[in-house]
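Enquirer: There's a structure below that I have some questions on.
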Amino acid sequence: MSRVAVVGTGYVGLTTGAYLAHLGHDVVCADVVPDKVERLNRGEIPIFEAGLEDLVREGLDGHRLSFVLGAETAVREAEFVFLCVPTPQGDDGAADMSYVQAAARQIAPALASDAVVVNKSTVPVGSTLVVERALGRDDVAVVSNPEFLREGSAVHDCLHPDRIVIGSVDHRAAMRVAALFERLEAPLIVTDPASAETIKYASNAFLATKVSFVNAIANLCEAVGADVREVVLGMGYDKRIGFEFLKPGPGWGGSCFPKDTRALVRIGDDAGYDFSLLRGVVAVNEQQYERVVAKVERMVGGSVAGTAVAAWGLTFKARTDDTRDSPAVEVIRRLTARGAAVRAYDPAASPAGLDDIARVADPYAACEGAGVLVVLTEWDDFRWLDLDKVRDAMAHPRIVDARNLLDPAGARRKGFAYEGMGR
Ligand SMILES: NC(=O)c1ccc[n+]([C@@H]2O[C@H](COP(=O)([O-])OP(=O)(O)OC[C@H]3O[C@@H](n4cnc5c(N)ncnc54)[C@H](O)[C@@H]3O)[C@@H](O)[C@H]2O)c1
């Protein structure tokens, strides 16, 4: 078993630290936020992620997992150091590498000889070299190990990965990293750093493409009078296509797809390749927010100015508290900008960054006096709410279901005007 340090305790770092401790390694996780570190040492989880609290508790109780303030403190004894810091979108669309570089510079003097620095942050092609330069240590190897977990099922995804990708010019270092995960029995791809870095962006770009594609098909279905659910059913049974990521909605969002698609377009530009396909995927997504807003406007007879709008959902998808680049938030802000008075309900959304949005603690309270209800996140709970109670609370019984979550016939039987996506 190995001594591991993890730098950054967000969605990726905290899950990585907890599952590596679960696999038997001794793990020290570092963050720069004192309150977060204190809470984590008490077993309090700052994010909403199924199974994570139990895993962290198991690590703390077994003395295989601890949390410290500052990366330097965490890495002194470590054989492996995982970088799990943010790589947000910079002003020019490219990934902002400043957190990764700062973390590398911070840990450089404290690293043990022969340590391996493993980069899990999503970074542009060539970043392994950037980390090597920031470290300035010939006796330390740098390996790329992109992360593919999905928020909402991060623990499951880490313990049952579809594949593990390791990119390095140093084969021995790559195999040492692979050994950390050997209990996981996942397909292992050991490759060069540029290919590993590209695999991560290509995977996210492909998934975003699937969603934009099905959104475009849904829009076409509306134009030609087809039902997108039937169309997807007929497509998905084809094994070459499958059903995953073919659900129409208000567009993709979250902390990864928006920044990673733009970063890949930028990587192409910098390398002299015009990734026009991906530009189109991004453009379809931007239009999708506006299509939802237009549906709401049509539903209320033209303008939403002065209309009370109930919004169900704030997170970018169900089973997470994350609202970063959430399409739900984007649609709410656009409606508000056009004069709607939006009241939103979400069962888990973190309050960070949502000061401008009026939230209520109950889905029915959101509907009180509303001229229209818009369903923006696919929380399962929303399926089972009492539509009679919703109708009685609303000024006008109208629903725009941007997730195709509710049963249109059932809603219409209850007296609602209903509009979904692509049907
Ligand atoms: N969230 C996802 O679903 C997901 C999936 C795959 C890959 N990724 C990638 O993983 C990386 C991290 O994403 P995330 O969602 O976990 O980010 P996050 O914002 O949730 O967490 C990052 C953490 O790093 C800490 N941090 C920043 N600088 C630090 C430093 N110098 N020392 C110690 N801690 C530091 C922050 O305080 C924060 O707690 C990004 O590159 C992202 O693109 C994210």
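The values are calculated or read from the model by the stated rules, or taken from the named source; none is laboratory data. Keep in mind it's a predicted model, so treat the numbers as computed, not measured. Don't worry about glycine lacking a Cβ; one is built from the backbone with ideal geometry, like all the others, and counts go over all protein chains shown. To get the accessible areas, we keep the full protein, side chains included, count just its heavy atoms, and leave off ligands, DNA and RNA. Shrake-Rupley method; radii C 1.70, N 1.55, O 1.52, S 1.80 Å.
Residue by residue, here is whether (1) touching a residue at least 24 places away in the same chain (Cβ under 8 Å); (2) of a type in the set (Asp, Glu) holds:
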| position | (1), (2) |
| --- | --- |
| 128 | yes, no |
| 133 | no, no |
| 147 | yes, yes |
| 151 | yes, yes |
| 171 | no, no |
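Enquirer: Within region 169-183, is there a residue that is among the hydrophobic types (A, V, I, L, M, F, W, C) and open to solvent by 60 Å² or more (accessible area, probe 1.4 Å)?
Expert: Taking every residue of region 169-183 in turn, at least one turns out to be among the hydrophobic types (A, V, I, L, M, F, W, C) and open to solvent by 60 Å² or more (accessible area, probe 1.4 Å).
Enquirer: Only one of these conditions is not met by residue 16: (1) farther than 30 Å from residue 317 by Cβ; (2) in contact (Cβ under 8 Å) with a residue 40 or more places away in the chain. Which number is it?
Expert: Here residue 16 meets the rest and fails (1).
Enquirer: Follow-up. When only residues in region 64-101 that are touching a residue at least 12 places away in the same chain (Cβ under 8 Å), within 19 Å of residue 197 (Cβ to Cβ) and assigned to a helix (DSSP H, G or I) count, which is most open to solvent (accessible area, probe 1.4 Å)?
Expert: Selected residue: 99.
Enquirer: Sticking with this one: Taking residue 343 as meeting all but one of (1) open to solvent by less than 20 Å² (accessible area, probe 1.4 Å); (2) of a type outside the set (S, T, N, Q); (3) more than 16 Å from the ligand (Cβ to nearest atom); (4) not in a helix (DSSP H, G or I), write down the number of the exception.
Expert: (1)
Enquirer: With the condition being over 29 Å from residue 90 (Cα atoms), I'd like the helices (runs of 4 or more DSSP H) fully within region 215-318 carrying at least 3 qualifying residues.
Expert: Working: elements: 228-236, 257-270, 276-299.
Helices (runs of 4 or more DSSP H) meeting the threshold: 228-236, 276-299.
Enquirer: Right, something else. Output the number of residues of region 3-23 satisfying the condition of being open to solvent by 20 Å² or more (accessible area, probe 1.4 Å) and touching a Gly at 6+ places or on another chain (Cβ under 9 Å). I'd like the intermediate steps shown before the answer.
Expert: As a first pass, look at region 3-23 and keep what is open to solvent by 20 Å² or more (accessible area, probe 1.4 Å): 3, 10-12, 22.
From what's left, touching a Gly at 6+ places or on another chain (Cβ under 9 Å): 22.
Qualifying residue count for the region: 1.
Enquirer: For region 8-28, what are the residues that are more than 16 Å from the chain's Cα centre (by Cα), more than 15 Å from residue 41 (Cβ to Cβ) and within 14 Å of the ligand (Cβ to nearest atom)?
Expert: Here is the first cut: in region 8-28, the ones more than 16 Å from the chain's Cα centre (by Cα) are 8, 17-28.
Within this subset, residues satisfying the condition of being more than 15 Å from residue 41 (Cβ to Cβ) are 8, 19-20, 22-26.
Listed by number, the residues that qualify are 8, 19.
Enquirer: Taking the condition of being touching a strand residue (DSSP E or B) at 6+ places or on another chain (Cβ under 9 Å) and surrounded by fewer than 18 Cβ atoms within 10 Å (Cβ to Cβ), how many residues in region 258-316 meet it?
Expert: Residues that pass the stated criteria total 2.
Enquirer: Given the conditions (1) open to solvent by 60 Å² or more (accessible area, probe 1.4 Å); (2) within 16 Å of the ligand (Cβ to nearest atom); (3) part of a loop (DSSP other than H, G, I, E, B), and given that residue 206 satisfies all but one, which numbered condition is not satisfied?
Expert: Every condition holds for residue 206 apart from (3).
Enquirer: May I pose another question? Before we move on, is residue 217 touching a strand residue (DSSP E or B) at 6+ places or on another chain (Cβ under 6 Å) and either at pLDDT below 95 or more than 14 Å from the ligand (Cβ to nearest atom) (or both)? I'd like the intermediate steps shown before the answer.
Expert: Details: touching a strand residue (DSSP E or B) at 6+ places or on another chain (Cβ under 6 Å): no; either at pLDDT below 95 or more than 14 Å from the ligand (Cβ to nearest atom) (or both): yes.
No, not satisfied.
Enquirer: Which condition from (1) of a type in the set (D, E, K, R); (2) open to solvent by 40 Å² or more (accessible area, probe 1.4 Å); (3) in contact (Cβ under 8 Å) with a residue 40 or more places away in the chain; (4) in contact with a Phe, Trp or Tyr (Cβ under 9 Å, 6 or more places away or on another chain) is the one that residue 247 breaks?
Expert: It is condition (4) that residue 247 fails.
Enquirer: Hey, among the residues in region 124-153 that are out of contact with any strand residue (DSSP E or B) (no Cβ under 6 Å at 6 or more places or on another chain), under 18 Å from residue 95 (Cα atoms) and aliphatic (A, V, I, L, M), which one's nearest to the ligand (Cβ to nearest atom)?
Expert: Out of the qualifying residues, it is 134.
Enquirer: Give the number of residues within region 6-40 that are touching a Leu at 6+ places or on another chain (Cβ under 9 Å) and not in a helix (DSSP H, G or I).
Expert: Going through region 6-40 one residue at a time, the tally reaches 14.
Enquirer: Can you give me the number of residues within region 129-160 that are over 20 Å from residue 182 (Cβ atoms), within 23 Å of the chain's Cα centre (by Cα) and outside any loop (DSSP other than H, G, I, E, B)? Walk me through how you get there before you give the answer.
Expert: First pass over region 129-160, keeping only residues over 20 Å from residue 182 (Cβ atoms): 129-140, 142, 150-154.
Narrowing further to those that are within 23 Å of the chain's Cα centre (by Cα): 150-154.
Applying the additional criterion that residues be outside any loop (DSSP other than H, G, I, E, B) yields 154.
Adding up the residues that qualify gives 1.
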